[in-house]
(Lines give C-alpha, C1' and ligand atoms only; values in the text may rest on other atoms or scores of the structure.)
Protein backbone atom coordinates (compact mmCIF):
# COMPACT_ATOMS: atom_id res chain seq x y z
CA UNK A 1 0.00 0.00 0.00
CA UNK A 2 1.19 3.53 -0.75
CA UNK A 3 2.15 5.73 2.13
CA UNK A 4 -0.53 8.22 3.14
CA UNK A 5 0.39 11.90 3.35
CA UNK A 6 -1.54 14.60 5.15
CA UNK A 7 -1.80 18.07 3.70
CA UNK A 8 -3.83 20.60 5.74
CA UNK A 9 -5.62 17.69 7.37
CA UNK A 10 -6.53 16.14 4.02
CA UNK A 11 -5.43 12.61 3.21
CA UNK A 12 -3.35 12.56 0.00
CA UNK A 13 -3.30 9.30 -1.98
CA UNK A 14 -2.01 8.46 -5.45
CA UNK A 15 -4.50 8.99 -8.25
CA UNK A 16 -6.17 11.66 -10.38
CA UNK A 17 -8.42 12.78 -7.50
CA UNK A 18 -5.71 12.97 -4.82
CA UNK A 19 -6.49 15.54 -2.14
CA UNK A 20 -10.28 15.26 -2.52
CA UNK A 21 -12.18 14.21 0.59
CA UNK A 22 -15.55 12.45 0.25
CA UNK A 23 -18.01 11.75 3.07
CA UNK A 24 -19.94 8.61 2.20
CA UNK A 25 -23.29 8.45 3.99
CA UNK A 26 -24.71 5.90 1.55
CA UNK A 27 -25.69 2.28 1.96
CA UNK A 28 -25.84 -0.89 -0.16
CA UNK A 29 -24.60 -0.30 -3.78
CA UNK A 30 -25.70 2.86 -5.61
CA UNK A 31 -23.70 5.22 -3.37
CA UNK A 32 -20.98 2.98 -1.91
CA UNK A 33 -19.87 1.68 -5.33
CA UNK A 34 -19.62 5.26 -6.58
CA UNK A 35 -17.50 6.20 -3.57
CA UNK A 36 -15.37 3.09 -4.03
CA UNK A 37 -14.54 4.26 -7.55
CA UNK A 38 -13.60 7.68 -6.16
CA UNK A 39 -11.39 5.99 -3.54
CA UNK A 40 -9.60 4.02 -6.26
CA UNK A 41 -8.87 7.34 -7.95
CA UNK A 42 -7.24 8.80 -4.87
CA UNK A 43 -10.05 10.36 -2.83
CA UNK A 44 -9.94 10.13 0.94
CA UNK A 45 -13.36 8.51 1.38
CA UNK A 46 -14.81 8.32 4.88
CA UNK A 47 -17.67 5.85 5.19
CA UNK A 48 -20.15 6.93 7.84
CA UNK A 49 -22.55 4.46 9.42
CA UNK A 50 -24.79 4.78 12.45
CA UNK A 51 -23.53 3.18 15.69
CA UNK A 52 -26.28 0.56 15.39
CA UNK A 53 -27.33 0.96 11.75
CA UNK A 54 -24.77 -0.77 9.59
CA UNK A 55 -24.57 -1.22 5.83
CA UNK A 56 -26.65 -4.29 4.94
CA UNK A 57 -24.05 -5.51 2.46
CA UNK A 58 -21.80 -6.41 5.40
CA UNK A 59 -23.89 -9.58 5.62
CA UNK A 60 -24.16 -10.34 1.89
CA UNK A 61 -21.87 -13.02 0.51
CA UNK A 62 -19.13 -15.07 2.16
CA UNK A 63 -17.30 -13.45 5.08
CA UNK A 64 -13.74 -14.05 6.33
CA UNK A 65 -13.08 -16.14 9.44
CA UNK A 66 -13.30 -14.02 12.58
CA UNK A 67 -10.06 -12.96 14.23
CA UNK A 68 -11.61 -11.03 17.11
CA UNK A 69 -12.03 -12.73 20.50
CA UNK A 70 -15.54 -13.48 21.71
CA UNK A 71 -18.83 -13.00 19.94
CA UNK A 72 -18.80 -10.52 17.11
CA UNK A 73 -22.00 -8.70 16.07
CA UNK A 74 -22.99 -8.81 12.40
CA UNK A 75 -22.16 -5.15 11.78
CA UNK A 76 -18.46 -6.07 11.87
CA UNK A 77 -18.89 -8.57 9.06
CA UNK A 78 -17.00 -8.10 5.82
CA UNK A 79 -19.42 -9.71 3.38
CA UNK A 80 -18.08 -10.18 -0.14
CA UNK A 81 -20.32 -7.47 -1.61
CA UNK A 82 -19.34 -4.95 1.06
CA UNK A 83 -15.66 -5.84 0.68
CA UNK A 84 -15.73 -5.16 -3.06
CA UNK A 85 -17.52 -1.80 -3.12
CA UNK A 86 -16.09 -0.27 0.07
CA UNK A 87 -12.39 -0.82 -0.51
CA UNK A 88 -10.03 2.08 -0.04
CA UNK A 89 -12.23 3.84 2.53
CA UNK A 90 -11.88 4.82 6.15
CA UNK A 91 -14.82 4.15 8.46
CA UNK A 92 -16.42 6.07 11.29
CA UNK A 93 -19.69 5.60 13.16
CA UNK A 94 -21.82 8.63 14.05
CA UNK A 95 -25.28 9.04 15.51
CA UNK A 96 -26.60 11.84 13.31
CA UNK A 97 -29.82 11.98 15.34
CA UNK A 98 -27.75 13.19 18.29
CA UNK A 99 -26.56 16.80 18.37
CA UNK A 100 -23.00 15.81 19.23
CA UNK A 101 -22.86 13.29 16.41
CA UNK A 102 -24.30 15.85 14.01
CA UNK A 103 -21.70 18.40 15.11
CA UNK A 104 -18.90 15.93 14.38
CA UNK A 105 -20.30 15.39 10.89
CA UNK A 106 -20.48 19.13 10.31
CA UNK A 107 -16.86 19.50 11.45
CA UNK A 108 -15.91 16.89 8.86
CA UNK A 109 -17.79 18.88 6.21
CA UNK A 110 -15.63 21.95 6.81
CA UNK A 111 -12.59 20.33 5.16
CA UNK A 112 -14.44 17.96 2.83
CA UNK A 113 -15.22 18.36 -0.86
CA UNK A 114 -18.08 15.95 -1.48
CA UNK A 115 -20.95 14.37 0.44
CA UNK A 116 -22.74 11.35 -1.03
CA UNK A 117 -26.05 10.12 0.39
CA UNK A 118 -28.83 7.84 -0.81
CA UNK A 119 -31.35 8.41 1.94
CA UNK A 120 -35.01 8.37 0.99
CA UNK A 121 -36.20 11.84 -0.04
CA UNK A 122 -36.75 14.11 2.96
CA UNK A 123 -34.45 12.30 5.39
CA UNK A 124 -31.40 14.52 4.80
CA UNK A 125 -33.50 17.62 5.36
CA UNK A 126 -34.94 16.18 8.57
CA UNK A 127 -31.45 15.39 9.86
CA UNK A 128 -30.23 18.89 9.01
CA UNK A 129 -27.68 17.70 6.45
CA UNK A 130 -29.39 18.77 3.23
CA UNK A 131 -27.32 20.69 0.69
CA UNK A 132 -28.91 23.94 1.87
CA UNK A 133 -27.69 23.18 5.39
CA UNK A 134 -24.18 22.13 4.41
CA UNK A 135 -23.39 25.13 2.21
CA UNK A 136 -23.75 27.26 5.34
CA UNK A 137 -20.73 25.34 6.69
CA UNK A 138 -18.78 24.94 3.45
CA UNK A 139 -20.01 27.06 0.49
CA UNK A 140 -17.87 25.05 -1.96
CA UNK A 141 -19.15 21.65 -0.95
CA UNK A 142 -20.64 19.27 -3.54
CA UNK A 143 -23.57 17.13 -2.39
CA UNK A 144 -24.77 14.13 -4.39
CA UNK A 145 -28.26 12.89 -3.50
CA UNK A 146 -29.20 9.51 -4.99
CA UNK A 147 -32.79 8.29 -4.92
CA UNK A 148 -34.90 5.63 -6.56
CA UNK A 149 -37.41 7.75 -8.46
CA UNK A 150 -36.37 11.31 -7.66
CA UNK A 151 -36.45 13.78 -4.80
CA UNK A 152 -40.03 14.72 -5.69
CA UNK A 153 -42.93 13.33 -7.69
CA UNK A 154 -45.60 10.64 -7.24
CA UNK A 155 -43.13 7.87 -6.32
CA UNK A 156 -40.72 9.84 -4.13
CA UNK A 157 -41.64 7.89 -0.98
CA UNK A 158 -41.49 4.47 -2.64
CA UNK A 159 -39.05 1.90 -1.30
CA UNK A 160 -36.74 0.84 -4.10
CA UNK A 161 -34.57 -2.14 -4.94
CA UNK A 162 -32.76 -2.80 -8.20
CA UNK A 163 -35.42 -5.20 -9.47
CA UNK A 164 -38.10 -2.54 -8.92
CA UNK A 165 -36.19 -0.11 -11.14
CA UNK A 166 -35.63 -2.85 -13.74
CA UNK A 167 -39.37 -3.45 -13.96
CA UNK A 168 -40.29 0.24 -14.02
CA UNK A 169 -37.64 1.04 -16.65
CA UNK A 170 -38.99 -1.55 -19.10
CA UNK A 171 -36.35 -4.26 -18.79
CA UNK A 172 -39.05 -6.87 -19.40
CA UNK A 173 -39.15 -5.74 -23.03
CA UNK A 174 -35.72 -7.28 -23.62
CA UNK A 175 -35.30 -9.85 -20.82
CA UNK A 176 -36.99 -13.20 -21.19
CA UNK A 177 -36.98 -16.24 -18.94
CA UNK A 178 -36.54 -19.84 -20.08
CA UNK A 179 -40.33 -20.07 -20.50
CA UNK A 180 -40.34 -17.13 -22.91
CA UNK A 181 -42.11 -14.79 -20.48
CA UNK A 182 -40.89 -11.33 -19.53
CA UNK A 183 -38.35 -11.43 -16.75
CA UNK A 184 -35.67 -9.37 -15.02
CA UNK A 185 -31.91 -9.79 -14.69
CA UNK A 186 -30.71 -11.38 -11.47
CA UNK A 187 -27.98 -8.81 -11.06
CA UNK A 188 -27.93 -5.33 -9.52
CA UNK A 189 -27.61 -3.69 -12.93
CA UNK A 190 -29.15 -0.31 -12.25
CA UNK A 191 -27.64 0.13 -8.80
CA UNK A 192 -24.26 -0.15 -10.53
CA UNK A 193 -25.24 1.94 -13.56
CA UNK A 194 -26.35 4.63 -11.14
CA UNK A 195 -22.99 4.37 -9.36
CA UNK A 196 -21.10 4.93 -12.61
CA UNK A 197 -23.22 7.98 -13.40
CA UNK A 198 -22.72 9.20 -9.84
CA UNK A 199 -18.92 8.94 -9.95
CA UNK A 200 -18.82 10.75 -13.30
CA UNK A 201 -21.15 13.47 -11.99
CA UNK A 202 -18.95 14.04 -8.94
CA UNK A 203 -15.83 14.32 -11.11
CA UNK A 204 -17.64 16.78 -13.41
CA UNK A 205 -18.78 18.87 -10.44
CA UNK A 206 -15.22 18.96 -9.07
CA UNK A 207 -13.95 20.13 -12.46
CA UNK A 208 -16.65 22.78 -12.62
CA UNK A 209 -15.70 23.99 -9.15
CA UNK A 210 -12.09 24.42 -10.29
CA UNK A 211 -13.38 26.79 -12.97
CA UNK A 212 -16.10 28.62 -11.06
CA UNK A 213 -15.14 28.24 -7.41
CA UNK A 214 -18.67 27.03 -6.67
CA UNK A 215 -19.94 23.71 -5.36
CA UNK A 216 -23.38 22.41 -6.23
CA UNK A 217 -26.15 19.93 -5.48
CA UNK A 218 -26.42 16.89 -7.76
CA UNK A 219 -29.68 14.93 -7.77
CA UNK A 220 -29.55 11.51 -9.39
CA UNK A 221 -32.51 9.15 -9.69
CA UNK A 222 -31.95 5.46 -10.42
CA UNK A 223 -34.94 5.40 -12.79
CA UNK A 224 -33.38 8.18 -14.88
CA UNK A 225 -30.02 6.40 -15.01
CA UNK A 226 -31.79 3.17 -15.99
CA UNK A 227 -33.78 4.64 -18.88
CA UNK A 228 -30.71 6.55 -20.08
CA UNK A 229 -28.74 3.29 -20.10
CA UNK A 230 -31.41 1.34 -21.98
CA UNK A 231 -32.36 4.00 -24.51
CA UNK A 232 -29.81 3.59 -27.35
CA UNK A 233 -30.94 0.08 -28.25
CA UNK A 234 -33.93 -1.04 -26.17
CA UNK A 235 -35.79 2.20 -26.89
CA UNK A 236 -34.83 2.73 -30.50
CA UNK A 237 -38.45 2.54 -31.64
CA UNK A 238 -39.22 5.39 -29.23
CA UNK A 239 -36.72 7.84 -30.74
CA UNK A 240 -38.52 9.11 -33.86
CA UNK A 241 -42.11 10.22 -34.19
CA UNK A 242 -44.04 7.02 -34.93
CA UNK A 243 -46.26 8.87 -37.40
CA UNK A 244 -43.26 9.47 -39.64
CA UNK A 245 -40.92 6.55 -38.97
CA UNK A 246 -41.88 2.89 -39.20
CA UNK A 247 -40.80 0.88 -36.10
CA UNK A 248 -38.10 -1.72 -36.65
CA UNK A 249 -38.52 -5.10 -34.99
CA UNK A 250 -36.23 -5.52 -32.01
CA UNK A 251 -36.68 -9.27 -31.34
CA UNK A 252 -34.04 -9.39 -28.63
CA UNK A 253 -34.89 -12.91 -27.56
CA UNK A 254 -34.70 -14.11 -31.17
CA UNK A 255 -31.35 -12.36 -31.71
CA UNK A 256 -29.98 -14.01 -28.59
CA UNK A 257 -31.12 -17.49 -29.60
CA UNK A 258 -29.58 -17.13 -33.06
CA UNK A 259 -26.22 -15.92 -31.83
CA UNK A 260 -25.57 -18.65 -29.23
CA UNK A 261 -24.28 -21.98 -30.54
CA UNK A 262 -23.78 -25.37 -28.88
CA UNK A 263 -20.31 -26.85 -29.30
CA UNK A 264 -19.02 -30.31 -28.46
CA UNK A 265 -18.09 -29.20 -24.94
CA UNK A 266 -20.04 -26.03 -24.19
CA UNK A 267 -21.46 -22.92 -25.84
CA UNK A 268 -20.15 -19.94 -27.77
CA UNK A 269 -21.70 -16.76 -29.07
CA UNK A 270 -20.93 -15.63 -32.60
CA UNK A 271 -22.30 -12.56 -34.32
CA UNK A 272 -23.82 -14.01 -37.47
CA UNK A 273 -24.40 -10.74 -39.33
CA UNK A 274 -23.89 -10.23 -43.05
CA UNK A 275 -20.16 -9.62 -42.64
CA UNK A 276 -19.84 -12.67 -40.43
CA UNK A 277 -21.57 -15.24 -42.63
CA UNK A 278 -18.49 -16.02 -44.70
CA UNK A 279 -16.36 -16.13 -41.55
CA UNK A 280 -18.66 -18.67 -39.88
CA UNK A 281 -18.44 -20.89 -42.96
CA UNK A 282 -14.65 -20.66 -42.70
CA UNK A 283 -14.91 -21.67 -39.04
CA UNK A 284 -16.71 -24.89 -39.94
CA UNK A 285 -14.32 -25.28 -42.92
CA UNK A 286 -17.01 -25.97 -45.53
CA UNK A 287 -15.47 -25.06 -48.91
CA UNK A 288 -18.63 -25.95 -50.86
CA UNK A 289 -20.77 -23.42 -49.01
CA UNK A 290 -17.97 -20.85 -49.22
CA UNK A 291 -18.23 -21.05 -53.00
CA UNK A 292 -22.03 -20.99 -52.98
CA UNK A 293 -22.23 -17.89 -50.78
CA UNK A 294 -20.31 -15.91 -53.39
CA UNK A 295 -23.31 -16.19 -55.72
CA UNK A 296 -25.70 -14.54 -53.26
CA UNK A 297 -26.41 -10.81 -53.33
CA UNK A 298 -25.81 -8.91 -50.11
CA UNK A 299 -28.98 -8.15 -48.21
CA UNK A 300 -32.22 -10.13 -48.10
CA UNK A 301 -31.09 -12.84 -50.55
CA UNK A 302 -27.97 -13.59 -48.53
CA UNK A 303 -29.83 -13.53 -45.24
CA UNK A 304 -32.53 -15.89 -46.49
CA UNK A 305 -29.95 -18.29 -47.94
CA UNK A 306 -27.97 -18.35 -44.69
CA UNK A 307 -31.11 -19.05 -42.66
CA UNK A 308 -31.81 -22.13 -44.80
CA UNK A 309 -28.36 -23.45 -43.85
CA UNK A 310 -28.72 -22.67 -40.13
CA UNK A 311 -29.59 -26.19 -38.96
CA UNK A 312 -26.66 -27.69 -40.87
CA UNK A 313 -24.22 -25.03 -39.61
CA UNK A 314 -25.32 -25.53 -36.00
CA UNK A 315 -24.87 -29.26 -36.40
CA UNK A 316 -21.31 -28.79 -37.66
CA UNK A 317 -20.43 -26.35 -34.86
CA UNK A 318 -21.72 -28.86 -32.31
CA UNK A 319 -18.99 -31.30 -33.44
CA UNK A 320 -16.17 -28.85 -32.63
CA UNK A 321 -14.72 -27.93 -29.18
CA UNK A 322 -15.48 -24.40 -28.02
CA UNK A 323 -11.82 -23.37 -27.80
CA UNK A 324 -11.22 -24.50 -31.38
CA UNK A 325 -14.24 -22.47 -32.51
CA UNK A 326 -12.91 -19.45 -30.63
CA UNK A 327 -9.42 -19.78 -32.10
CA UNK A 328 -10.76 -20.10 -35.65
CA UNK A 329 -12.98 -17.05 -35.12
CA UNK A 330 -9.91 -15.05 -34.08
CA UNK A 331 -8.16 -16.08 -37.27
CA UNK A 332 -11.12 -15.31 -39.55
CA UNK A 333 -12.26 -12.11 -37.86
CA UNK A 334 -15.58 -13.41 -36.56
CA UNK A 335 -16.75 -11.83 -33.26
CA UNK A 336 -16.91 -14.74 -30.82
CA UNK A 337 -16.98 -15.38 -27.12
CA UNK A 338 -16.99 -18.57 -25.09
CA UNK A 339 -19.93 -18.73 -22.65
CA UNK A 340 -17.92 -19.08 -19.45
CA UNK A 341 -18.44 -19.79 -15.79
CA UNK A 342 -17.12 -17.23 -13.31
CA UNK A 343 -14.22 -19.54 -12.44
CA UNK A 344 -13.34 -19.82 -16.14
CA UNK A 345 -13.35 -16.05 -16.50
CA UNK A 346 -10.72 -15.73 -13.76
CA UNK A 347 -8.50 -18.18 -15.64
CA UNK A 348 -8.93 -16.52 -19.05
CA UNK A 349 -5.54 -15.59 -20.57
CA UNK A 350 -6.66 -12.06 -21.52
CA UNK A 351 -8.06 -11.45 -18.03
CA UNK A 352 -4.74 -12.59 -16.59
CA UNK A 353 -2.75 -10.47 -19.05
CA UNK A 354 -4.80 -7.38 -18.20
CA UNK A 355 -4.50 -8.04 -14.48
CA UNK A 356 -8.27 -7.56 -14.30
CA UNK A 357 -8.60 -9.37 -10.98
CA UNK A 358 -6.08 -8.66 -8.24
CA UNK A 359 -5.30 -10.57 -5.08
CA UNK A 360 -4.81 -8.52 -1.92
CA UNK A 361 -4.30 -9.30 1.75
CA UNK A 362 -6.74 -7.74 4.22
CA UNK A 363 -4.80 -5.58 6.64
CA UNK A 364 -6.84 -6.65 9.70
CA UNK A 365 -7.58 -10.31 8.98
CA UNK A 366 -4.36 -11.13 7.16
CA UNK A 367 -6.20 -13.32 4.65
CA UNK A 368 -6.28 -13.07 0.86
CA UNK A 369 -9.20 -11.77 -1.15
CA UNK A 370 -9.75 -11.12 -4.85
CA UNK A 371 -11.07 -7.84 -6.20
CA UNK A 372 -11.23 -6.27 -9.68
CA UNK A 373 -8.68 -3.59 -10.46
CA UNK A 374 -9.91 -0.10 -11.38
CA UNK A 375 -10.74 -0.54 -15.10
CA UNK A 376 -9.41 2.84 -16.30
CA UNK A 377 -5.62 2.91 -16.66
CA UNK A 378 -4.22 6.44 -16.20
CA UNK A 379 -0.77 7.05 -17.67
CA UNK A 380 0.31 9.79 -15.22
CA UNK A 381 -2.02 9.52 -12.20
CA UNK A 382 -2.70 5.81 -11.78
CA UNK A 383 -5.71 4.66 -9.81
CA UNK A 384 -5.37 1.62 -7.57
CA UNK A 385 -6.95 -0.33 -4.74
CA UNK A 386 -5.78 1.88 -1.87
CA UNK A 387 -6.67 -0.39 1.06
CA UNK A 388 -9.10 -3.10 2.11
CA UNK A 389 -12.71 -2.43 3.07
CA UNK A 390 -12.86 -1.31 6.72
CA UNK A 391 -14.77 -2.78 9.60
CA UNK A 392 -17.48 -0.61 11.07
CA UNK A 393 -16.05 2.43 12.83
CA UNK A 394 -12.51 1.09 12.47
CA UNK A 395 -11.04 4.59 12.07
CA UNK A 396 -13.09 6.35 14.75
CA UNK A 397 -10.08 7.35 16.85
CA UNK A 398 -7.94 8.33 13.87
CA UNK A 399 -10.55 10.57 12.26
CA UNK A 400 -11.71 12.18 15.50
CA UNK A 401 -8.09 12.86 16.45
CA UNK A 402 -7.65 14.66 13.12
CA UNK A 403 -10.59 16.85 14.13
CA UNK A 404 -8.84 17.74 17.39
CA UNK A 405 -10.68 15.47 19.83
CA UNK A 406 -8.62 14.17 22.75
CA UNK A 407 -8.56 10.51 23.83
CA UNK A 408 -10.68 11.39 26.83
CA UNK A 409 -13.28 13.12 24.67
CA UNK A 410 -13.34 10.20 22.24
CA UNK A 411 -13.95 7.72 25.05
CA UNK A 412 -16.76 9.91 26.35
CA UNK A 413 -18.37 9.94 22.89
CA UNK A 414 -18.03 6.16 22.77
CA UNK A 415 -19.51 5.60 26.22
CA UNK A 416 -22.48 7.82 25.33
CA UNK A 417 -23.15 5.88 22.13
CA UNK A 418 -22.36 8.80 19.83
CA UNK A 419 -19.74 6.83 17.91
CA UNK A 420 -20.64 3.31 18.94
CA UNK A 421 -18.35 0.66 20.39
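Criterion first (under 26 Å from the mean Cα position of the chain (by Cα) and either surrounded by fewer than 23 Cβ atoms within 10 Å (Cβ to Cβ) or at pLDDT 95 or above (or both)) does residue 70 satisfy it? In short, no. Look at the range 82-99: where a residue is under 13 Å from residue 416 (Cβ atoms) and a partner is in a strand (DSSP E or B), sitting 6+ places away or on another chain with Cβ atoms under 7 Å, you get 93/49; 94/48. The sole residue among 371, 359 that is closer than 21 Å to residue 43 by Cβ and outside any helix (DSSP H, G or I) is 371.
Residue 366 passes every criterion in (1) without any contact (Cβ under 8 Å) to a residue 40 or more places away in the chain; (2) over 24 Å from the mean Cα position of the chain (by Cα) apart from (1).
With respect to the conditions (1) assigned to a loop (DSSP other than H, G, I, E, B); (2) surrounded by 14 or more Cβ atoms within 10 Å (Cβ to Cβ), residue 376 lacks only one, and its number is (2).
Close Cβ contacts (under 9 Å, 6 or more residues apart or on different chains) running from residues in the range 59-70 that are assigned by TED's automatic domain parsing to the domain that holds residue 367 to residues that are at pLDDT below 70 comprise 59/74; 59/75; 66/72; 66/76; 68/76. For the range 274-284, state whether one or more residues are under 29 Å from residue 344 (Cβ atoms), modelled with pLDDT under 90 and in a strand (DSSP E or B). The answer is no, given that none of the residues of the range 274-284 is under 29 Å from residue 344 (Cβ atoms), modelled with pLDDT under 90 and in a strand (DSSP E or B).
Kindly indicate which of 108, 78, 144 is touching a residue at least 60 places away in the same chain (Cβ under 8 Å), part of a loop (DSSP other than H, G, I, E, B) and either assigned by TED's automatic domain parsing to the domain that holds residue 199 or more than 30 Å from residue 237 (Cβ to Cβ) (or both).
78
Can you find even one residue in the range 246-264 that is assigned to a loop (DSSP other than H, G, I, E, B) and modelled with pLDDT of 85 or more? Can you show your working first?
The first filter runs over the range 246-264 and keeps only residues assigned to a loop (DSSP other than H, G, I, E, B), leaving 246-251, 264.
When the remaining residues are screened for being modelled with pLDDT of 85 or more, the result is 264.
Taking every residue of the range 246-264 in turn, at least one turns out to be assigned to a loop (DSSP other than H, G, I, E, B) and modelled with pLDDT of 85 or more.
Is it true that residue 388 is touching a helix residue (DSSP H, G or I) at 6+ places or on another chain (Cβ under 6 Å), closer than 19 Å to residue 14 by Cα and either without any contact (Cβ under 8 Å) to a residue 60 or more places away in the chain or not in a helix (DSSP H, G or I) (or both)? Walk me through how you get there before you give the answer.
Values: touching a helix residue (DSSP H, G or I) at 6+ places or on another chain (Cβ under 6 Å): no; closer than 19 Å to residue 14 by Cα: yes; either without any contact (Cβ under 8 Å) to a residue 60 or more places away in the chain or not in a helix (DSSP H, G or I) (or both): yes.
In short, no.
Consider the range 158-174 and keep the residues that are surrounded by fewer than 16 Cβ atoms within 10 Å (Cβ to Cβ) and either modelled with pLDDT under 90 or on the phi > 0 side of the Ramachandran plot (or both). The one that is nearest to the chain's Cα centre (by Cα) is 172.
Looking at the range 204-220, which of the residues that are out of contact with any helix residue (DSSP H, G or I) (no Cβ under 8 Å at 6 or more places or on another chain) and either in contact (Cβ under 8 Å) with a residue 24 or more places away in the chain or at positive phi (or both) is surrounded by the fewest Cβ atoms within 10 Å (Cβ to Cβ)? So, considering only residues that are out of contact with any helix residue (DSSP H, G or I) (no Cβ under 8 Å at 6 or more places or on another chain) and either in contact (Cβ under 8 Å) with a residue 24 or more places away in the chain or at positive phi (or both), the one surrounded by the fewest Cβ atoms within 10 Å (Cβ to Cβ) is 213.
The values are calculated or read from the model by the stated rules, or taken from the named source; none is laboratory data. These figures come from a predicted structure and were not determined experimentally. Cβ atoms come from the backbone with ideal geometry, glycine included; neighbour counts cover every protein chain shown.
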